[in-house]
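Q: Quick one: this structure, given as structure tokens, is what I'll be asking you about.
The values are calculated or read from the model by the stated rules, or taken from the named source; none is laboratory data. Quantities reported herein were computed from a predicted structural model and do not represent experimental measurements. Cβ sites come from the backbone with ideal geometry, for glycine too, and all protein chains shown count toward neighbours.
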Protein chains: 2
Amino acid sequence: MKIIVDVMSGDNAPKEILTGAISARHEYGCEVVLVGDSDIMRLIASQNGYPLDSNGVYVEHTTGVIKMEDPPMSIRTKKDSSMVKALNLLADGTGDAVVSAGNTGALYTGASILVSRIKGFRKAAIATILPLASPVLLIDSGANIAVTDENLEQFAIMGSAYMEKVMNVHAPRIGLLNNGVERTKGSQLLQDTYSRLEENRSINFIGNVESRALPYGVCDVIVTDGFSGNLILKYTESICSFVMDRMNEIYSKNLLAKASSLVLKGELESLRKRFCPSEYGGAPLLGISKPVIKAHGSSDAFAIKNAIHQAIKYAKSGMIEHLSGISTDCSESEYE
Amino acid sequence: MKIIVDVMSGDNAPKEILTGAISARHEYGCEVVLVGDSDIMRLIASQNGYPLDSNGVYVEHTTGVIKMEDPPMSIRTKKDSSMVKALNLLADGTGDAVVSAGNTGALYTGASILVSRIKGFRKAAIATILPLASPVLLIDSGANIAVTDENLEQFAIMGSAYMEKVMNVHAPRIGLLNNGVERTKGSQLLQDTYSRLEENRSINFIGNVESRALPYGVCDVIVTDGFSGNLILKYTESICSFVMDRMNEIYSKNLLAKASSLVLKGELESLRKRFCPSEYGGAPLLGISKPVIKAHGSSDAFAIKNAIHQAIKYAKSGMIEHLSGISTDCSESEYE
């Protein structure tokens, strides 16, 4: 297993990305291809005693970087960037998966164009695990603002395959995010999607799911467009932190509670991190013909190591081969 | 001030509604018109020692009820229902405002048709206060799934007027809910709305607001369609309760903390209630030509009393007269 790592992208690049990649090499035994400025990478490596160019650690030199504020199509103009080079290496078969903490729009567009989508799947989607009562895969969590009922059906198929093959959930329960549980709720698009999902025998559709039910483990996959998905993802991160702050204020008024909160500090911090879904592990770009994992922009070495672990599981799962086998109903996709 | 109360609608009708109305009569000095089955209301009143038909408490007898599961247009077929009668009394000038804990769709449709909208306002919207770092008015919080940029602009105007005239917020900051802060973010509809809001000199538009910023008091009014608004409203209620449960689990592992949580029980419960925005007070139906307040379906007497208090403030505020004066740009509305 060889994981291609975009070392130059992300808020904490290159040092944290490089460190995370080396840790993953040690912990999981995977080979890593480090894509970025080799002078910089060698300097960091020598300062920290990391081995480069040996023992399953490879360096691919390139000098450019796609910045967080660059437009998605900068993948066309910044061909020497670490992200574009990483995606091209994946497309060429030099490695089994890409991990990048860079610009989401550019990674999504680059993966769709340079690596290409699975035949028959019209759009790729970003899938993110929400760490609620049980893990819920939110798909799409931000890539596609405008979708069709066919797109949403394909998101359901991809999300189901990911939860089954990568996360080992048997017959994942698929819910459609809507403003009521009745089949007549929501826009015409959602009503049409409901019919498609209901008729699709390859997935375990359980019906519409309201946002109020999400925390309580009623489904394993929640299907929605990228606008609503983004609303839920970002709101989850901030409202959970906000509620914890208010509770801590109450507990800090009482001396007993204040003392005990010091004892419980570690557990409280873990809970806070748990509710920041995009901070931990990474989000797979589903529908791409090879595994691409988006790590959070602010990833540290630990988060990058986790994202690489997820990339390994994804690459080993056989999920993409499974999807390639079932998708014969759509002949064209957007960038082909 | 005379408030018309739909006594027969809601999960806890008629007793809690009646009790809340009588309490409001005592506490705020308003007159109340109790609409419902007079035999039932008199029985409850005699059992509890409430005065009816005297001292500013009036009874309007009717036997029908619109149920929670009835379709919105049941206001056409259930003309003898307490909700329809209450709305007709408002339209006739028998009272100054209506409070109902009944079926939201029916109340919205009934208010639009029977009471009518403010001239020039094409759609009414449900506005709900989210009790975050500072109160944020979420408009629309569920009535209109399909909206135009003109509708969203009018929601902004109505929300601004409500926060200024009823909630006493000076120059309310208006945010547009979007998946990024840049003006080019989101659908064409949202980009067009951004331009309209920016050009509208009667409101204090601060730009796009992401869901992650909502808890932190960045705006006083958040403008969105009823689908996204409903997502946020219902998710707020459940995710906050979910986070509190997880924190309580951690604190209950420690004896000191467990002891202190008993001392702090009252404050913790208040916090939980705070995060259930639709439980407290009521949501005004903005854009209707007279004040209509939707109380939560599960309202108890205390919540009804609060909703009546809100109705009084709304009726006294002069907000509707203000909106009637400024809306001269649209000549027709949907039901006229």
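Q: I want to confirm something. Restricting to the stretch A:200-235 and keeping residues that are without any contact (Cβ under 8 Å) to a residue 24 or more places away in the chain and within 12 Å of residue A:130 (Cβ to Cβ), which single residue is surrounded by the fewest Cβ atoms within 10 Å (Cβ to Cβ)?
A: By that ranking, first place goes to A:234.
Q: Next up: All but one of (1) farther than 30 Å from residue B:144 by Cα; (2) assigned to a strand (DSSP E or B) hold for residue B:98; state the number of the condition that does not hold.
A: (1)
Q: Does residue B:204 fit the bill of being at pLDDT 95 or above and either under 25 Å from residue A:232 (Cα atoms) or outside the structural domain of residue B:312 (by TED's automatic domain parsing) (or both)?
A: Considered against the rule, which asks whether it is at pLDDT 95 or above and either under 25 Å from residue A:232 (Cα atoms) or outside the structural domain of residue B:312 (by TED's automatic domain parsing) (or both), residue B:204 comes out as yes.
Q: Given the conditions (1) in a loop (DSSP other than H, G, I, E, B); (2) touching a residue at least 60 places away in the same chain (Cβ under 8 Å); (3) buried (at least 18 other Cβ atoms within 10 Å of the Cβ), and given that residue B:68 satisfies all but one, which numbered condition is not satisfied?
A: (3)
Q: So which residues in the stretch A:236-246 are within 7 Å of chain B (Cβ to nearest Cβ) and surrounded by fewer than 23 Cβ atoms within 10 Å (Cβ to Cβ), if there are any at all?
A: Scanning the stretch A:236-246 gives A:237, A:238, A:242, A:244, A:246.
Q: Please pick out the residue among A:49, A:56, A:29 that is more than 23 Å from residue A:283 (Cβ to Cβ) and touching a strand residue (DSSP E or B) at 6+ places or on another chain (Cβ under 7 Å).
A: Just a single option satisfies the conditions, and that option is A:56.
Q: Every residue in the stretch A:1-52 that is farther than 16 Å from residue A:94 by Cβ, of a type in the set (A, V, I, L, M) and outside any helix (DSSP H, G or I), please.
A: Answer for the stretch A:1-52, where residues must be farther than 16 Å from residue A:94 by Cβ, of a type in the set (A, V, I, L, M) and outside any helix (DSSP H, G or I): A:8, A:13, A:52.
Q: On to the next question. Return yes or no: is residue A:256 more than 8 Å from chain B (Cβ to nearest Cβ) and of a type in the set (A, V, I, L, M, F, W, C)?
A: In short, no.
Q: Among B:227, B:275, which is facing chain A (nearest Cβ under 10 Å), under 25 Å from residue B:193 (Cβ atoms) and not basic (Lys, Arg)?
A: Residue meeting the stated conditions: B:227.
Q: Further question on the same structure: Only one of (1) modelled with pLDDT of 95 or more; (2) crowded, with 24+ Cβ neighbours inside 10 Å is not met by residue B:103, so which one is it?
A: If we test residue B:103 against (1) modelled with pLDDT of 95 or more; (2) crowded, with 24+ Cβ neighbours inside 10 Å, just (1) comes out false.
Q: Ok, one more. Just need a number here: residues in the stretch B:101-151 that are in a helix (DSSP H, G or I) and assigned by TED's automatic domain parsing to the domain that holds residue B:271.
A: Result for the stretch B:101-151: 3.
Q: Could you pull out the residue among B:77, B:128, B:148, B:94 that is of a type in the set (Ser, Thr, Tyr), out of contact with any Gly (no Cβ under 6 Å at 6 or more places or on another chain) and surrounded by 19 or more Cβ atoms within 10 Å (Cβ to Cβ)?
A: Result: B:128 is the single residue among B:77, B:128, B:148, B:94 that is of a type in the set (Ser, Thr, Tyr), out of contact with any Gly (no Cβ under 6 Å at 6 or more places or on another chain) and surrounded by 19 or more Cβ atoms within 10 Å (Cβ to Cβ).
Q: Identify, please: which residue in the stretch A:131-145 is touching a strand residue (DSSP E or B) at 6+ places or on another chain (Cβ under 8 Å) and farther than 22 Å from residue A:218 by Cβ and is, among those, surrounded by the most Cβ atoms within 10 Å (Cβ to Cβ)?
A: A:143
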